[in-house]
1. Restricting attention to segment B:135-158, and to residues there that are open to solvent by 50 Å² or more (accessible area, probe 1.4 Å) and closer than 18 Å to B:Val88 by Cα, which single residue is modelled with the lowest pLDDT?
2. Within 19 Å of B:Arg153 (Cβ to Cβ) and surrounded by 13 or more Cβ atoms within 10 Å (Cβ to Cβ) - does that describe any residue in segment B:48-55?
3. Within segment B:17-24, does at least one residue satisfy the condition of being open to solvent by less than 90 Å² (accessible area, probe 1.4 Å), within 14 Å of another protein chain (Cβ to nearest Cβ) and not basic (Lys, Arg)?
4. B:Gly80 versus (1) over 23 Å from A:Leu18 (Cα atoms); (2) open to solvent by less than 50 Å² (accessible area, probe 1.4 Å); (3) not in a helix (DSSP H, G or I): which is the lone unmet condition?
5. Give segment B:184-200 a look and list any residue that's under 12 Å from B:Gly126 (Cβ atoms) and open to solvent by 80 Å² or more (accessible area, probe 1.4 Å), or say none.
6. Based on what the data block shows, is A:Asn40 in contact with a helix residue (DSSP H, G or I) (Cβ under 6 Å, 6 or more places away or on another chain) and open to solvent by less than 40 Å² (accessible area, probe 1.4 Å)?
7. Here is a list of conditions, (1) at the interface with chain B (Cβ under 7 Å from one of its Cβ atoms); (2) open to solvent by 10 Å² or more (accessible area, probe 1.4 Å), and A:Glu68 meets all of them except one; can you say which number that is?
Amino acid sequence: MAKHELDCMFEACPIPLLKALKKLNTMEIGEILIMRTDHNCSIVNVVEWAKKQGHYIDYIELGEGQWEIYIEKAK
Amino acid sequence: MKSSRIEELKRQRQTEIQPKKSQLPYLFFPVLAFFALYYYFFNTDKTYSIIWIVGILIGITMQRSRFCFVASFRDPIMIGNTSLFRAVIIGLIIATVGFGIFQYKAVGNIPNYSIDDIPGQIFPVGLNTIIGALLFGIGMVIAGGCASGTLIRIGEGHIMQVVVLLGFVIGTTLGAGHFGFWEKLFIFSSKTIYMPQYMGFLPAVTVQLAVLGILYLLAGWYDKKNNIMKL
């Protein structure tokens with residue numbers, strides 16, 4: 001299954017969310033988006049948004065202040 | 001609900017990650033700076049030493065809770081999430097009660113008190129408030145942080161926010177320098193409205209709490225109902 005990577009390092013607050021939205025729009029159901037960000041607000045707003053939309057989402061911390069978010073498009 | 005494929009990916013990634021370097025030794029320098037400044041304030045001006053500690057505590061609270069005034073006003077519109085917006089309302093409710101008590105103690109027993117004697121930031125309300133709020137709102141969403149948010153993010157190591165702070169310093173300096181001009185143009189003609197002067201302390205606090213309570217309930221309803229950014 002295809003995996004898409006999205007680099008959102010050093011982006012200001014709502015940009016990671018907007019980038020994720022645009023990317024998810026072009027993806028097929030069941031594909032996974034891997035987002036990399038250094039913005040802790042993204043952890044909150046991307047995760048809440050994706051949950052509200054009904055996608056599968058989880059994240060891990062790669063290093064101090066660096067996260068990877070995984071979103072599986074569900075619908 | 002969990003996805004098995006995401007779990008699989010997480011497990012795989014976790015094995016690839018190098019163990020984190022501890023940043024704890026760096027804590028020594030801020031702690032040293034904290035005590036040095038506290039010692040300095042304590043010997044020069046005791047008020048500053050109290051403000052210094054309160055400020056540090058506010059900073060820690062805001063950083064840990066990711067409290068963000070930008071997100072509180074932006075997220076309801078962008079992602080239909082009002083949790084931070086409701087946090088701001090709760091903050092205003094607490095401030096209403098607290099300032100109500102302080103201000104009543106200061107001027108409650110004095111008939112025909114003047115607004116200058118009241119503790120707190122009571123300023124003229126008018127067109128200047130609306131224009132200023134609109135400009136600040138546009139600016140803070142583009143910059144990705146209000147004043148406190150910008151400072152928190154600089155502390156977290158975001159270089160972009162340093163540029164924002166630079167703009168902040170330039171803007172505030174220009175604003176302070178031209179304040180007389182704006183005051184004559186707009187602010188002087190605007191009226192300073194202090195509700196307790198018209199209806200007494202208890203009714204004013206009650207009305208404000210009722211309005212905030214209604215806003216809180218509306219925000220909760222909006223959160224459940226709305227999801228503007230759909231795929």
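The values are calculated or read from the model by the stated rules, or taken from the named source; none is laboratory data. Being a predicted model, the structure only gives us computed values, none of them experimental. Cβ atoms come from the backbone with ideal geometry, glycine included; neighbour counts cover every protein chain shown. All accessible areas refer to the heavy atoms of the entire protein, side chains included, with ligands and DNA or RNA removed. Shrake-Rupley method; radii C 1.70, N 1.55, O 1.52, S 1.80 Å.
1. B:Val141
2. No: zero hits.
3. Yes, some residue in segment B:17-24 is open to solvent by less than 90 Å² (accessible area, probe 1.4 Å), within 14 Å of another protein chain (Cβ to nearest Cβ) and not basic (Lys, Arg).
4. The failed condition is (1).
5. Restricting attention to segment B:184-200, the residues satisfying the condition of being under 12 Å from B:Gly126 (Cβ atoms) are B:185-193.
B:Leu185, B:Phe188, B:Ser189, B:Lys191, B:Ile193 - these are the residues of segment B:184-200 that are under 12 Å from B:Gly126 (Cβ atoms) and open to solvent by 80 Å² or more (accessible area, probe 1.4 Å).
6. Numbers: in contact with a helix residue (DSSP H, G or I) (Cβ under 6 Å, 6 or more places away or on another chain): no; open to solvent by less than 40 Å² (accessible area, probe 1.4 Å): yes.
No, not satisfied.
7. Every listed condition holds for A:Glu68 apart from (2).
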